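**Student:** Pasting a structure here, questions to come.
The values are calculated or read from the model by the stated rules, or taken from the named source; none is laboratory data. No experiment lies behind these values; they were computed from the predicted model shown. Counting neighbours? That spans all protein chains shown, and the Cβs are built from the backbone with ideal geometry, glycine included. Note: accessible area is taken over every heavy atom of the protein model, side chains too, but ligands, DNA and RNA are not part of it. Shrake-Rupley method; radii C 1.70, N 1.55, O 1.52, S 1.80 Å.
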Amino acid sequence: MSDFEARLQEWRGLPAIGLRLPGGDSALIALQGAQVLSWVSRGQERLFVSPQAAHDGHTPIRGGIPVCFPQFNQRGPLVKHGFARTLAWSGQPGDARPAEGGGLQITLRLEDSEATRAVWPHAFEALLTVELHPGALTVRLAVHNRGAQDLPFTAALHSYLQVPGAEQIELQGLDGLVYWNAVAAGAETHPVQAGAVRFGVETDRVYPRAAQALRLQTLSSQPLLQIAQDEAWSETVVWNPGPELCARLPDMAPDSWQHMLCVEAAAIDAPVVLAPGGRWQAAQHLRAL
Ligand code: TA6
């Protein structure tokens, strides 16, 4: 009998699919939004989910890996970060398949419906594949234009990584890149990153994709995670609300900003445009260090 396991579970009352490898690594994916809500590797939870996250089945869930599609943030007429994170995707444990290198993978699916066509007139299929490997997690978004017109979209995998203290960590690998500072408030809007990114106040930045993988570590150089993204994710968003914004977010505890860092694989500065029949896909790769 195999020790690979895929089973239907509940997350705070919502349906979810749990994956488990023989070595104990596991992942939990809510059907709402195809949102990965837990990734345990080497006995440690690697993702952050707010203790006050909504779990009513339609409000965005604060944490894990929300899929922002077909719109990032408020860069368009749709609801913030698009509708994909609030809708039920289809998928079942029986869809799980072995993945190369001793892993397990599953794909969840969302297609256009009357509700999506009412706000976004496109025929599409979106697939979210979660590959769980010993020590690593790959999450891949694929989009297929099934309509007769061009399909433009922006998207992101808005990954909330669990950290041992926002002020105790740094993100390496973005040195020298010119980024957009969304919370400039009088400061430069397009500065050059100098060294590692450190946290403590509200940080909301869009970097171009770095040529190499990023590395999250503590200030005392204890390695935490390696974060890589495929080329089709053209940007990386780095977000931590800091204490003041966090206190105003109703679905975060006052100290939640200390426990999370979003490092997001994103395609947002120029929309992806799929011709009729066209397909796009890109993955984010997380590795426990
Ligand atoms: O990706 C960063 C960001 O766009 C921030 O500007 C911040 O608003 C964050 O996402 C969270 O958005 P949400 O709608 O989930 O509260």
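**Student:** Run the 1.4 Å probe and let me know the accessible area of Thr116, rounded to the nearest 10 Å².
**Tutor:** Solvent-accessible area, nearest 10 Å²: 0 Å².
**Student:** Which value, in Å², gives the accessible area per residue of the chain when a 1.4 Å probe is used on the protein heavy atoms?
**Tutor:** Values: 12330 Å² over 289 residues.
Heavy-atom accessible area per residue stands at 43 Å².
**Student:** While we're on this one: Pairs of alpha-carbon atoms within less than 8 angstrom and 6+ residues apart define the contacts here; what relative contact order does the stretch 105-204 have, in percent? Could the numbers behind the result be given before it?
**Tutor:** Numbers: 129 pairs, mean separation 17.9, N = 100.
It rounds to 18 percent for the stretch 105-204.
**Student:** Is the C-alpha gyration tensor of the stretch 48-154 telling us rounded, prolate or oblate? Criteria: a/c under 1.5 is rounded; beyond that, a/b larger than b/c is prolate, otherwise oblate.
**Tutor:** The shape class here is oblate.
**Student:** Which one, Pro66, Cys262, Gly91, is farthest towards the positive end of the dipole of the chain when Lys and Arg carry +1 and Asp and Glu -1 on their Cβ?
**Tutor:** The residue sitting farthest along the positive end of the dipole is Gly91.
**Student:** Determine the share of the chain's accessible area contributed by carbon and sulfur atoms, expressed in whole percent, with a 1.4 angstrom probe.
**Tutor:** Values: 6180 of 12330 Å².
Heavy-atom surface of the chain belonging to carbon and sulfur, 1.4 Å probe: 50 percent.
**Student:** At a threshold of 8 angstrom on Cα-Cα distance, excluding pairs fewer than six apart, so keeping six or more, what relative contact order does the chain reach in percent? List each step's numbers first, then the result.
**Tutor:** On the way: 775 pairs, mean separation 51.2, N = 289.
About 18 percent, as a whole number.
**Student:** Report the gain in length on full extension from Ser220 to Ala184: 0.36 nm times residue separation, minus Cα-Cα distance, nm rounded to one decimal.
**Tutor:** Full-extension gain reported as 10.1 nm.
**Student:** Let me ask something else. Take the alpha carbon gyration tensor of the stretch 5-288, find the square roots of its eigenvalues, order them as a ≥ b ≥ c, and report rounded if a/c is under 1.5; if not, report prolate when a/b exceeds b/c, else oblate.
**Tutor:** In terms of gyration-tensor shape, rounded.
**Student:** Related question: What is the distance in Å between the Cα centroid of the stretch 1-31 and that of the stretch 247-265?
**Tutor:** 25
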